[in-house]
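K.L.:
Sending over a structure as structure tokens; questions will come in a sec.
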Amino acid sequence: MCGIAGYIGKNCAEKQLLESLKLLEYRGYDSAGIAVQDKNKINITKTTGKIIALENMLTSTKSICGIAHTRWATHGAPTYENTHPHLSNDSTWAVVHNGIIENYGTIKKDLISKGYNFKSETDTEVIANLLQQQNSNDIHALINTCNMLIGSYALACINKNIPNKIFLARKKSPLYVASEQGEVFIASDPVCFLSKASEYYTLADNQYCIASTKHLEFFNTSGQKINLQPTKTEKFDISYQKHNYKHYMEKEINQVPAVLNNLIETYKSADLLKKFDKNYLAKFNKIVLIGCGTAYHAGLMGARYIQEFARIDASCHIASEYRYCNPIIDNKTLCILVSQSGETADTLAVCELAKAHGATTVALTNVLYSTLARMADEILPVCAGTEIAVASTKAYTAQITVLYMFAKQLQNVIANKKENYYEIVHKLAKKITIPSPKSLKKAVLEVLASEKVFFIGRDYDYVSVKEASLKLKEITYINTAEHPAGELKHGFLSLVDKNSVVFALATQQHLLNKTLNGAHEALARGAKVIMVSQFNIPKEQTQGFYHTVKLQKFSEELLPISCISFFQLLAYETSLAKGLNPDQPRNLAKSVTVE
Ligand code: G6P
């Protein structure tokens, strides 16, 4: 959801900023731009399209100070004019922004009445002009500007008359800064300087900074200097190699066995679930799980596991809905916030809300330095390693595995059992295989030939098909939908005809016949049915089906963890067959840091 970066130092600013932008591209790739200080002026290079397009335009200059942006369009189409950085009318200030300014309309109207012109449709351009209006060269220019803004922002600003200094502000969007041996690195994600700095500072909401190679000065909203404590960088393990894979997504799906092993190792060695004991649980009367997108689906599966194994009231909600639905939440609520990135704005908002209501919060996140990890009372690490493809795959599998173990731990505590869930997952990790592209060919061809793609399933399988359907639509742009297999006659069947393909997932014995009924209802309306199951279904019951996919056999409660790779690869292979880039689907971003 937009990435911002800054650099001051001894090297070519454009080169350094470009490196950072490449690492931030997961946050949006609609357009990109760089502004550098060049004697007494600011030079801007920007373009629509991906960072590679910007790279082709840049020439090395002597500039050693600049800011940069990669955009995921919110206000204004992804055009050249709307591309950041934005300049103030007098070209004194250049600004890059991640976030949304909700009251930009009112501010813009006021500035226009004072004679200011606007070149873009963005909310950000008002910030550059508000800075100009302050007519000041110190931190108060930025503080006064921010005091007029309603919304979220991480801002990096340069002024043509203040050489080699970058002004920073943060509210509800991440912003990090590091200073090392005469160089300053600024970014929306510390991955940009992990290899370059031994420690970094995290700006909190309503904190400001003037960064220069001499020092990093931090301020509060009153303009008073404050001290921030740095975080060491060593603990991050980041891998950006694709190895022999064509895409990150393919690599990440295939990493699942290794991810599960690593997860077990991490949880077992530190017995991370031990703290959820009788005393701990006694405080709560319900568990609420929260997430967005794929993380929401992981939360749904977690809620089912908790209800099933521990018999505790557990439910999962979409963060953007939950935060505005006047939820019943108090100090007897355990709130688990599921987020790969730990930066999703709506999920963070629920975390804040839950804390304000006295709930205990747990961050189930893959990024241990994320805002969510810092905000929550407890952390359950996802241990999936860096996930780069926009569509989440291995993180989903790891999230539901952690939730499986968590639910088993609660069951052990509540029912006085001693089930060795580490051992169970360890065996799964040893046996699990990722389907080969060849085994998917028939299903892929059918998806490509169909106008509509539907997924049906019940209970666990309904959660899995929700994720299957999301994955396919995310990276193939095919209009897909998922339905509970018992609900087809209440609307869904009117959509089904001979141009439809229906994937029916059945992994729970007691629901197999029920889902088969649903599949036959679709078949009777002309759909091509692809049955997906680990069971040996008698031929008579699959007569007329287009294809049957046999899943690897595991216990029913582990099938949600093992079966999802089939659907992830189905999406991946279909995307490839359509000539798309599965790693960077249009209009989407990996980290959604705006509401
Ligand atoms: C975006 C990503 C999804 C992800 C969702 C939630 O939509 O494209 O892959 O599932 O955000 O992200 P989070 O980081 O909170 O899991």
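K.L.:
Show which aspartates and glutamates lie in cross-link reach of LYS275 when reach means a straight Cα distance below 16 angstrom and same-chain residues fewer than eight apart are skipped.
P.N.:
Within reach: ASP377, GLU378.
K.L.:
Moving on to the next point. On the accessible surface of the stretch 166-267, probed at 1.4 Å, how many percent belong to carbon and sulfur atoms?
P.N.:
42
K.L.:
Distance cut-off 32 Å, Cα to Cα: go down the list LYS242/LYS528; LYS109/LYS225; LYS172/LYS232 and report the pairs above it.
P.N.:
LYS242/LYS528; LYS109/LYS225
K.L.:
Whole number in Å², please: accessible area per residue of the stretch 3-232, 1.4 Å probe, ligands, DNA and RNA not counted.
P.N.:
38
K.L.:
Among the aspartates and glutamates, select those whose C-alpha is under 20 Å from the C-alpha of LYS427, and discard any that sit fewer than 8 residues away in the same chain.
P.N.:
Partners found: GLU265, ASP271, GLU419, GLU556, GLU557.
K.L.:
A further question follows. Size of the dipole of the chain about the Cα centre, Lys and Arg at +1 and Asp and Glu at -1 on the beta carbon, nothing else charged, in debye to 20?
P.N.:
Magnitude of the dipole: close to 780 debye.
K.L.:
Taking a 26 Å limit on the Cα-Cα distance, which of the listed pairs LYS251/LYS473; LYS394/LYS539; LYS171/LYS246; LYS418/LYS553 fall beyond it?
P.N.:
Listed pairs above 26 Å: LYS394/LYS539; LYS171/LYS246.
K.L.:
Continuing with the same structure: Name the residue from ASN159, TYR116, ALA187 whose Cα lies farthest towards the positive end of the charge dipole of the stretch 3-232, charges +1 on Cβ of Lys and Arg and -1 on Cβ of Asp and Glu.
P.N.:
It is ASN159.
K.L.:
Please go through the stretch 443-474 and write out the GluC sites (Glu not before Pro) that DSSP classes as loop and that have at most 11 other C-beta atoms within 10 Å.
P.N.:
Passing sites in the stretch 443-474 are GLU451.
K.L.:
Let me ask you something else. When the helix-only estimate is applied to the chain (DSSP H runs of n ≥ 4, each -39,500 (n - 2.57), divided by the residue count), what is the mean residue ellipticity at 222 nm, nearest 500 deg cm²/dmol?
P.N.:
Counting only the DSSP helices, I get -10500 deg cm²/dmol.
K.L.:
Heavy-atom accessible area per residue, the stretch 248-431, 1.4 Å probe: how many Å²?
P.N.:
The answer is 36 Å² per residue.
K.L.:
Could you give the accessible area per residue of the stretch 437-577, probe 1.4 Å, as a whole number in Å²?
P.N.:
39
K.L.:
May I ask what percent, to the nearest 5, of DSSP beta bridges between residues of the stretch 313-435 are antiparallel?
P.N.:
0
K.L.:
If I take every Cα pair under 8 Å that is 6 or more residues apart in the chain, average their sequence separation and divide by the length, what percent do I get for the relative contact order?
P.N.:
After rounding, I find 12 percent.
K.L.:
May I ask you to derive the relative contact order of the stretch 248-431, considering only C-alpha pairs under 8 Å and at least 6 residues apart, and to give it as an integer percent?
P.N.:
28
K.L.:
Moving on. Got a number for carbon plus sulfur as a percent of the stretch 363-442's accessible area, 1.4 Å probe?
P.N.:
55
The values are calculated or read from the model by the stated rules, or taken from the named source; none is laboratory data. Keep in mind it's a predicted model, so treat the numbers as computed, not measured. Cβ coordinates were reconstructed from backbone atoms using ideal geometry, including for glycine residues, and neighbour counts include every protein chain displayed. Accessible surface areas use protein heavy atoms only, side chains included; no ligands, DNA or RNA. Shrake-Rupley method; radii C 1.70, N 1.55, O 1.52, S 1.80 Å.
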